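Chemist: Starting off with a structure, shown below.
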Amino acid sequence: MSELKMNDLNIKEDERLHVLNHSCAHLLAQAVKHLYPQAKFWVGPVITDGFYYDIDLGDTVITEADLPAIEKEMKKCSKDNKRIVREEISKQQALEMFGDDPYKVDLINNMDESEVVISCYRQGDFVDLCRGPHVENTKQMKFFKLLKVSGAYWKGDSKNKMLQRVYGVCFENQEDLDAFLKFQEEAKERDHRKIGRDMEIFMTSDLVGKGLPLWLPNGYTVWRILNNYITEKEIAHGYLHVHTPDLGSVELYKTSGHWDHYKDDMFSPMYNISEEEENTMTVRQIKNRIDKERSDDVYVLRPMNCPHHMVIFGSKSHSYRELPLRIAEIANDFRFEAQGAVKGIERARSFTQNDSHIFCTPEQIESEFKGVLDLIMEVYKDFGITDYKCRLSLRDPEDTEKYFPDDDMWNNAEASLRSVLNDLDLDYFEAVGEAAFYGPKLDVLVKPAVGNEVALSTIQLDFLLPRRFELTYVNENGEKVTPVVIHRAILGSLDRFVAFLLEETKGDLPLWLAPQQFTVIPVNPNLHNEYAKELVNKMLAKGYRVKLDDRNEKLGYRIREAQVKKVTMQIVVGDHEVEDKSVTIRRHGQKESLTLSMEEFFEAADREINNKELAK
């Protein structure tokens, strides 16, 4: 019986499956070479969910329709039960052996045989350059599946040739393979990009720009409700909301330290340079010049909001009696994510953060931390989030490039945060190397229905930024001292939170959050429209999100369309409803209908919306 848990599976980190899948990449290459003798091969690494191989087939294009034939050839190679033999060779031997494959030659030319052992693996009539290790023979690779084909530029550079990337996966038994494929189908059904398209939540356009999602009316409705929801929650918890610009001067980010630690993830600076410089200088050269110059008049799109909030706090003097001061913002941020990392609204280059910075005294750290945790748990309860764990993210003392170099500050911050968590009796685990560059943090890792854990919420303890911005308050002794700052995000990015909700619920959002809560469908528009319109008007007057579907289409067609668009409730109006002034409802995904009086319907709907009840 299989013990693999597909939701936690990482083939790249599983030693046995890593070796098996790397070996299966060679099996794929051997089969492709049999079927396409002109094939040249780049690399075939193991990834978290299997393996791939980048292949140059000249003018021949592989489609997913070709994968069964390749699998058939792989099975033949597997049944041959050839031993897989490692051979250690010199650089010259390697160049002679793979001289007809320019991709392998490129790899070999970049090898220094004084530093690495050059090796290849041979199985029957096929040999491949590889450091290994591999399984003992081809027969050990029985349970595999080729998954898809895509294009990939050689070395990831769009100036290079486009290769064909064939993806696959291999397991030790059929049961695990079947479970993986079933899990993958479930993941496809839950993919927020598919659901977002079906429900018309958002769209993307290469013309607008990669990683820049466009929120459609349905999606913006959800976004706006979440915005209002968390803003009201925060106001009730004593937060003061502000609105700050979407960009700032480079000097602002030099002051905060983000420029030194984060500039490669920021969009290019808005900088006046000559036409000649523009044509000859790289972005890196421009950023290096800005490093050396005063840059008040050089601007960047902001990647985060803390520097703006530091400036707001520092704009006036403060007494200890005013603290804690909780500044919050629903803020637009921009990060130049790698093109391959961009994924719908889950990871985008333009997004909106539910951000806040709490300025407090050292004595208030514990109570403020507890207040933030309480708010997180309150929000998670509203959304039915129960499967999560807490990670104390610490710096890696060896990584002097990523983290601000001040051992005393780090030791104090980490000890303070660890003490707070222990005093709160919070169950957590520690992870070195996961801290922000300016301080340790607590990440709340939520387990989604499919895929890896996601850090939805975070609380960060910061002794550095208030010092860099020279922030002070007057303590009870009349002395000017530096406040502590707690950075926190409850929903995190609103965009990513919507993606999370879509995948968790498969788009079946709770009634209070659904973009379209109701659709009213008259069976015969000629006979039932008057009552249907009366009902719709009363619902609109109560603020419900409802549409009347009185199109000249068959009843079944209109009901199916409402199902596809995941409208929470369909209200069908026929003779019985008109006569009794009743309301017959059917929830999305359910076959049973329920008939209520109009008064009962409005009472039930109001209760479900106002109480923010979870999807039924």
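Chemist: Within 27 Å of residue 231 (Cα to Cα), open to solvent by less than 20 Å² (accessible area, probe 1.4 Å), modelled with pLDDT of 85 or more and not aliphatic (A, V, I, L, M): which single residue out of 387, 443, 374 fits that description? Lay out the reasoning, then the answer.
Modeler: On the way: 387 fails: open to solvent by less than 20 Å² (accessible area, probe 1.4 Å); 374 fails: open to solvent by less than 20 Å² (accessible area, probe 1.4 Å).
Of 387, 443, 374, the one residue that is within 27 Å of residue 231 (Cα to Cα), open to solvent by less than 20 Å² (accessible area, probe 1.4 Å), modelled with pLDDT of 85 or more and not aliphatic (A, V, I, L, M) is 443.
Chemist: Considering only the range 407-428, state which residues are part of a loop (DSSP other than H, G, I, E, B) and free of Cβ contacts under 8 Å to residues at least 24 places away in the same chain.
Modeler: 425
Chemist: Further question: Among residues belonging to the range 485-508 that are in a loop (DSSP other than H, G, I, E, B) and open to solvent by 10 Å² or more (accessible area, probe 1.4 Å), point out the one that is farthest from residue 559 (Cα to Cα).
Modeler: Among those residues, the one meeting the criterion is 506.
Chemist: Right, another one. Quick check: is even one residue across the range 226-234 under 28 Å from residue 376 (Cα atoms), in contact (Cβ under 8 Å) with a residue 12 or more places away in the chain and of a type in the set (S, T, N, Q)?
Modeler: Yes; the residues of the range 226-234 include at least one that is under 28 Å from residue 376 (Cα atoms), in contact (Cβ under 8 Å) with a residue 12 or more places away in the chain and of a type in the set (S, T, N, Q).
Chemist: Looking only at the range 449-469, decide whether some residue is in a strand (DSSP E or B), among the hydroxyl-bearing types (Ser, Thr, Tyr) and open to solvent by less than 10 Å² (accessible area, probe 1.4 Å).
Modeler: Yes: one or more hits.
Residue-by-condition table, conditions (1) among the β-branched types (Val, Ile, Thr); (2) touching a helix residue (DSSP H, G or I) at 6+ places or on another chain (Cβ under 6 Å); (3) crowded, with 20+ Cβ neighbours inside 10 Å:
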{"site": "279", "(1), (2), (3)": "no, no, no"}
{"site": "283", "(1), (2), (3)": "yes, no, no"}
{"site": "290", "(1), (2), (3)": "yes, yes, no"}
{"site": "318", "(1), (2), (3)": "no, no, no"}
{"site": "328", "(1), (2), (3)": "no, yes, yes"}
{"site": "343", "(1), (2), (3)": "no, no, no"}
{"site": "363", "(1), (2), (3)": "no, no, no"}
{"site": "366", "(1), (2), (3)": "no, yes, no"}
{"site": "369", "(1), (2), (3)": "no, yes, yes"}
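Chemist: Within the range 230-255, take every residue that is of a type in the set (Ser, Thr, Tyr) and outside any helix (DSSP H, G or I) and give me the one that is farthest from residue 492 (Cα to Cα). Break it down into steps so the answer makes sense when it comes.
Modeler: From the range 230-255, those of a type in the set (Ser, Thr, Tyr) are 231, 239, 244, 249, 253, 255; that's our starting set.
Now restrict to residues that are outside any helix (DSSP H, G or I): 239, 244, 249.
Working: 239: 16, 244: 18, 249: 24 Å.
Here the answer is 249.
Chemist: Yes or no: the range 305-322 includes at least one residue that is assigned to a strand (DSSP E or B) and farther than 23 Å from residue 489 by Cα.
Modeler: For the range 305-322, residues assigned to a strand (DSSP E or B) and farther than 23 Å from residue 489 by Cα: present.
Chemist: Name the single residue that is farthest from residue 309 (Cα to Cα) among those in the range 324-345 being of a type in the set (Val, Ile, Thr) and assigned to a strand (DSSP E or B).
Modeler: Applying the filter and picking the extreme gives 330.
Chemist: If I filter the range 217-229 down to residues being of a type outside the set (S, T, N, Q) and open to solvent by 50 Å² or more (accessible area, probe 1.4 Å), which single residue comes out as farthest from residue 491 (Cα to Cα)?
Modeler: Ranking the qualifying residues of the range 217-229, first place goes to 217.
Chemist: Could you please tell me which pairs satisfy a Cβ distance under 7 Å, a separation of 6+ or placement on different chains, a first residue in the range 135-162 that is without any contact (Cβ under 8 Å) to a residue 60 or more places away in the chain, and a second residue that is open to solvent by 60 Å² or more (accessible area, probe 1.4 Å) and of a type in the set (Ser, Thr, Tyr)?
Modeler: Final answer for the pair search is 160/153; 162/153.
Chemist: Does residue 32 qualify as being within 16 Å of residue 150 (Cβ to Cβ), hydrophobic (A, V, I, L, M, F, W, C) and part of a loop (DSSP other than H, G, I, E, B)?
Modeler: On the way: within 16 Å of residue 150 (Cβ to Cβ): yes; hydrophobic (A, V, I, L, M, F, W, C): yes; part of a loop (DSSP other than H, G, I, E, B): no.
Here the answer is no, as residue 32 does not meet what is asked.
The values are calculated or read from the model by the stated rules, or taken from the named source; none is laboratory data. Since we're looking at a predicted model, the values are computed, not measured. For neighbour counting, all protein chains shown are included, and Cβ atoms are generated from backbone atoms with ideal geometry for every residue, glycine included. Note: accessible area is taken over every heavy atom of the protein model, side chains too, but ligands, DNA and RNA are not part of it. Shrake-Rupley method; radii C 1.70, N 1.55, O 1.52, S 1.80 Å.
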